1. Considering every residue within region 187-195, establish whether at least one is in contact (Cβ under 8 Å) with a residue 60 or more places away in the chain, more than 18 Å from GLY35 (Cβ to Cβ) and away from ligand 1 (no atom under 16 Å from the Cβ).
2. Give the residue, chosen from GLU25, GLU17, that is among the acidic types (Asp, Glu), in contact (Cβ under 8 Å) with a residue 24 or more places away in the chain and not assigned by TED's automatic domain parsing to the domain that holds SER154.
3. The conditions are (1) open to solvent by 80 Å² or more (accessible area, probe 1.4 Å); (2) in contact with a Cys (Cβ under 9 Å, 6 or more places away or on another chain), and ARG133 fails exactly one of them. Which is it?
4. Has region 93-110 got any residue that is near ligand 1 (Cβ under 9 Å from one of its atoms), surrounded by 15 or more Cβ atoms within 10 Å (Cβ to Cβ) and hydroxyl-bearing (Ser, Thr, Tyr)?
5. For region 212-233, which residues satisfy the criterion of being near ligand 2 (Cβ under 6 Å from one of its atoms), in contact (Cβ under 8 Å) with a residue 24 or more places away in the chain and either small (Gly, Ala, Ser) or open to solvent by 50 Å² or more (accessible area, probe 1.4 Å) (or both)?
6. If TYR161 passes every condition in (1) within 16 Å of the chain's Cα centre (by Cα); (2) loosely packed, with under 15 Cβ neighbours inside 10 Å but one, which one does it miss?
7. Do any residues in region 70-93 that are of a type in the set (S, T, N, Q) have Cβ atoms under 7 Å from those of residues that are away from ligand 2 (no atom under 16 Å from the Cβ) and in a loop (DSSP other than H, G, I, E, B), where the two are at least six apart or on different chains, and which pairs are they?
8. Given the criterion more than 16 Å from ligand 2 (Cβ to nearest atom), touching a Pro at 6+ places or on another chain (Cβ under 7 Å) and modelled with pLDDT of 95 or more, identify the matching residue among ILE56, ILE19.
Amino acid sequence: MNKLFKSKIISNEALTEEIYLLSLEFPESIETKPGQFCILRLNERLDPLLGRPFSIFDHVPGEIKFLYRVKGKGTKILSQLKKDQLTIIGPFGKWYPFPQGDFIVIAGGIGLASVYYLIKKFPKKAHLFYGVRNENEILFYEELKEFAKHVYISTEKETSYTYRGVVTELFKEKGKNLSLPIYACGPMVMIKELKKIVNEAQPCYVATEERMACGVGACLGCVIATKQGFKRVCTDGPVFEIKELLL
Ligand SMILES: Cc1cc2nc3c(=O)[nH]c(=O)nc-3n(C[C@H](O)[C@H](O)[C@H](O)COP(=O)(O)OP(=O)(O)OC[C@H]3O[C@@H](n4cnc5c(N)ncnc54)[C@H](O)[C@@H]3O)c2cc1C
Ligand code: FES
């Protein structure tokens with residue numbers, strides 16, 4: 001069940017020039033699951049009027065965290081807030097089906113925001129493939145090494161601990177032979193490439209992102225094409241089996 005309530009910012013810290021980690025107070029009575037998201041609305045501001053959706057990056061009793069990239073007006077304002085109150089609506093959406101054993105995670109850039117909570121909830125089970133542009137964009141490296149079973153990172157230029165190229169190429173080289181379910185989040189170009197390389201028998205769950213308005217399935221502003229017709233990302237997703245999507 002989702003709820004609407006006001007929440008105080010605990011911290012809102014810049015991790016890079018454009019990526020921030022926002023931590024908010026969160027009622028202990030509300031449960032969340034990896035893959036779900038919340039809508040954050042900036043209080044007492046009519047512009048931007050609509051809330052913005054963000055994946056639940058992490059959740060511990062009393063505190064919820066969101067990892068976000070500054071994109072436009074809403075996230076710019078968000079990045080400047082310090083001790084303010086926000087309105088949180090959520091949690092929303094279908095979560096990642098819980099893995100029964102080891103699993104593969106493929107994260108592209110800020111897509112890490114959607115899968116970190118899953119990796120942490122099932123410690124030492126994830127074979128993580130994480131793609132970023134350069135070393136400065138690698139986030140939570142120590143934590144990822146602690147929670148995942150293996151961490152493979154791709155960057156545009158090779159470094160002492162990363163592979164050169166895009167994350168789907170790295171996955172083809174190091175992970176293609178693992179017969180494990182895949183959980184993925186990243187830019188559409190990554191999801192499209194992944195769809196080409198996943199074999200038919202391998203479950204592959206992806207978290208999708210579409211622009212949203214109501215967040216509750218009423219406005220049809222967030223639909224995505226699937227084999228069963230258009231589906232709403234906010235209520236039918238954001239997590240879908242990749243083979244269901246028409247990309
Ligand atoms: C279910 C869901 C979960 C998300 N989780 C995260 C997250 O954890 N971290 C994060 O950084 N972002 C996440 N996003 C994307 C985030 O919601 C948008 O980046 C944000 O709403 C942009 O708001 P803005 O006012 O800053 O930008 P706007 O001024 O509204 O737009 C600026 C630019 O961003 C583009 N844009 C806006 N929304 C999206 C979107 N949904 N997908 C792709 N491009 C978009 C616009 O087309 C425009 O070019 C998520 C989106 C969805 C639907
Ligand atoms: S945002 Fe309105 S239906 Fe999804």
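1. Pass one, region 187-195, residues in contact (Cβ under 8 Å) with a residue 60 or more places away in the chain: 187, 190, 194.
Subsequent filtering for residues that are more than 18 Å from GLY35 (Cβ to Cβ) retains none.
No, region 187-195 contains no residue that is in contact (Cβ under 8 Å) with a residue 60 or more places away in the chain, more than 18 Å from GLY35 (Cβ to Cβ) and away from ligand 1 (no atom under 16 Å from the Cβ).
2. GLU25
3. For ARG133, the exception is condition (2).
4. Checked region 93-110: no residue is near ligand 1 (Cβ under 9 Å from one of its atoms), surrounded by 15 or more Cβ atoms within 10 Å (Cβ to Cβ) and hydroxyl-bearing (Ser, Thr, Tyr).
5. ALA213, GLY215, listed by residue number.
6. (1)
7. Short answer, once both residue conditions are applied: SER79/VAL70; GLN85/ASN43; THR87/ASN43.
8. Details: ILE19 fails: touching a Pro at 6+ places or on another chain (Cβ under 7 Å).
So the residue among ILE56, ILE19 that is more than 16 Å from ligand 2 (Cβ to nearest atom), touching a Pro at 6+ places or on another chain (Cβ under 7 Å) and modelled with pLDDT of 95 or more is ILE56.
The values are calculated or read from the model by the stated rules, or taken from the named source; none is laboratory data. All values reported here derive from a predicted model rather than from experimental measurement. Here Cβ is always computed from backbone atoms with ideal geometry, including for glycine, and neighbour counts include all displayed protein chains. Note: areas computed on protein heavy atoms with side chains; ligands, DNA, RNA excluded. Shrake-Rupley method; radii C 1.70, N 1.55, O 1.52, S 1.80 Å.
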